[in-house]
Amino acid sequence: MTQGRFITFEGGEGTGKSTQATRLVDWLRARDLEVVQTREPGGSTGAEDIRTIALNGDPGRWSPMTETLLMFAARSDHLEKTIRPALEAGRWVVCDRFADSSRAYQGVGGGAPAAFIEALDAAIVGRTQPDLTLIFDLPVSVGLERAFGRGLFETRFESKGLDFHERLRAGFLDIAARNPERCVIIDAEGDQDTVEARIRDAIQARLL
Ligand code: TYD
């Protein structure tokens, strides 16, 4: 049995990546591939419980390091219960956010040390690195306007300042620049069909 492929979707707020993840899953299934669609934080029973704690309540009550540990605790369960079993069974896994979100949000955005995050990544993600990471890129003002339109502006992470979101965007672009074999930047401006075509091109070029 060949291993399945592991694809992650990353980017700031309001980039439309969750909608596009569903579209990609439909497209892959139409090609007779078995696909598991999942998300982080979450994606397994235990990790969804951690998600509830992590994304609710007073956003200031944890340091970026504590938040990083919560994200990796959820990730550890998600990998054990959902991602690795699926890949070993030959299924493809499409995951909405993964370790690059910890690098960008807790690391670049929050100030958790990069070495701390990389040590956790090595210990917990280890060899289960994504085969392909799509980094959705959008000017911050456009993304926040979209998120605001969805009524998400006041939630846990969206309510941080503009400066935070600018750092986040730069952080994701830097991750892409440093990992060109794994990452593709997706220009998230334009209508959904246009963005979907860009994603299909990336999948065709890298994985099919
Ligand atoms: P969600 O409502 O799923 O947002 P989105 O549609 O933008 O993906 O909330 C997930 C939030 O969790 C999002 O604001 C980013 C944050 N997050 C981290 O801060 N670190 C992480 O490692 C992960 C996976 C997510």
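The values are calculated or read from the model by the stated rules, or taken from the named source; none is laboratory data. Here the structure is a predicted model, which means the values were calculated and not measured. Every residue, glycine among them, receives a Cβ derived from its backbone with ideal geometry; neighbour counts consider all protein chains shown. Each accessible area value is taken on the protein alone, full model and side chains, heavy atoms only, with ligands, DNA and RNA left out. Shrake-Rupley method; radii C 1.70, N 1.55, O 1.52, S 1.80 Å.
Before moving on, here are some points about what is shown:
- For region 6-206, Kirkwood radius (reciprocal of mean inverse C-alpha pair distance, Å): 17.1 Å
- With Cα atoms as the point set, the radius of gyration and Dmax of region 159-208 evaluate to 13.4, 40 Å.
- Close amide H partners of ILE186, meaning residues 5 or more places away or on another chain with modelled amide H under 5 Å apart, are ILE135, PHE136, ASP137.
- Protection-proxy order for peptides 53-64, 34-45, 98-109, each taking the mean of Cβ atoms within 10 Å per residue, highest first: 98-109, 34-45, 53-64
- Paramagnetic reach from ASP26 in region 188-206 [backbone N under 20 Å; point 7 Å along Cα→Cβ]: 188-204
- Accessible area per residue, Å², the chain with all protein chains present, probe 1.4 Å: 47 Å²
- C-alpha center-to-center spacing [region 116-134, region 45-86] in angstrom: 15 Å
- Virtual paramagnetic centre 7 Å along Cα→Cβ of ARG150, amide N under 15 Å, in region 39-79: 39-41
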